[in-house]
Amino acid sequence: MKAVVIPVTPFQQNCTVIWCEETMAGAVVDPGGDLDQVQKAIEDQGVTVERILVTHGHMDHAGGVAELAERLGVPIEGPHEDDQFLIDALAEQGAKYGLTEARPFTPTRWLHSGDTVGFGNETMTVRHCPGHTPGHIIFYDAKAKVALVGDVLFQGSVGRSDLPRGDHDTLIRSIREQLWPLGDETTFVSGHGPLSTFGHERQSNPFVADHLFKA
């Protein structure tokens, strides 16, 4: 699997174009906005987008989903339906921050833990990771050892839990129970900021490092 990250919106959210090297079929994960920039990246890489994947319903991640799906004529997959209330409010929230593209949508398929999504010869597994939002999911490619984790985990930090229906304890449990079992060597793309590995965060992250949970 190959990937290119495009920071979009004033929040510098990491929209990611991922694709199968063998077929050049791919997907766009969390197109929050700046869609002309996203489409240029798709064209520059020569990718045929087959679907849009959404980790959660916050506007910087989901604001451009409806528009891009229409432009490309592709289905929308994700997030979990517990984020419906956020998707319903996209236009209202986007207007507050100048994200005029933001509008509600109905996913072609809501996603749950254990579901899979595919493009070309690649398959990614879904894990439900609530805490930042109740319907947050992540996508994991076991073959490439890569995870796209949205706003669950960052290099040196974790997602906010002070937004509507967020919960800090649930977030920490999601990280420890859903992300760590994927392996220390797994590289992750977060919703903002640089790449890291789960192993690095288990050693040094001030919120979820292993030493913080030893009796």
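What follows draws every value from the coordinates through simple rules; no lab data is involved. All values derive from a computational prediction rather than experimental measurement. We place every Cβ from the backbone using ideal geometry, glycine too, and count neighbours over all the protein chains shown.
With a Förster radius of 35 Å applied to the C-beta separation of Val4 and Thr116, the computed FRET efficiency comes to 0.95.
Note on the chain: with a GNM built from Cα contacts shorter than 10 Å, the maximum mean-square fluctuation among Arg103, Arg165, Arg127 falls on Arg165. At a Cα cut-off below 29 Å, give the lysines reachable from Lys2, other chains included and same-chain residues fewer than 8 away excluded. Filter leaves Lys40, Lys143, Lys145. Extension gain for the segment Thr108 to Glu67, taken as residue separation times 0.36 nm less the Cα-Cα distance, is 13.3 nm to one decimal. Taken about its Cα centre, region 33-93 carries a charge dipole of roughly 200 debye when the Cβ of each Lys and Arg holds +1 and the Cβ of each Asp and Glu holds -1.
Label separation (Gln12 vs Ser204): 1.8 nm, computed from points 7 Å beyond Cα along the C-beta direction.
Put +1 on the Cβ of each Lys and Arg and -1 on the Cβ of each Asp and Glu in the chain; which of Ala27, His192, Pro181 then has its Cα farthest toward the positive end of the dipole? Toward the positive end, the furthest listed residue is Pro181.
Which of Pro79, Pro31, Pro107 moves the most in a Gaussian network model of the chain with Cα springs under 10 Å? Result for the chain, Cα springs under 10 Å: Pro107 fluctuates most.
Taking Gly98, Gly64, Gly32 as the candidate residues, the one with maximal mean-square fluctuation in a Gaussian network model of the chain, Cα springs under 10 Å, is Gly98.
Shape class for the chain, computed from the alpha carbon gyration tensor (a ≥ b ≥ c): oblate, with a/c not under 1.5 and a/b at or below b/c. Summing charges over neighbours of Leu35, with a neighbour being any other residue whose Cβ is under 9 Å away from its Cβ, gives -3 when K and R count +1 and D and E count -1.
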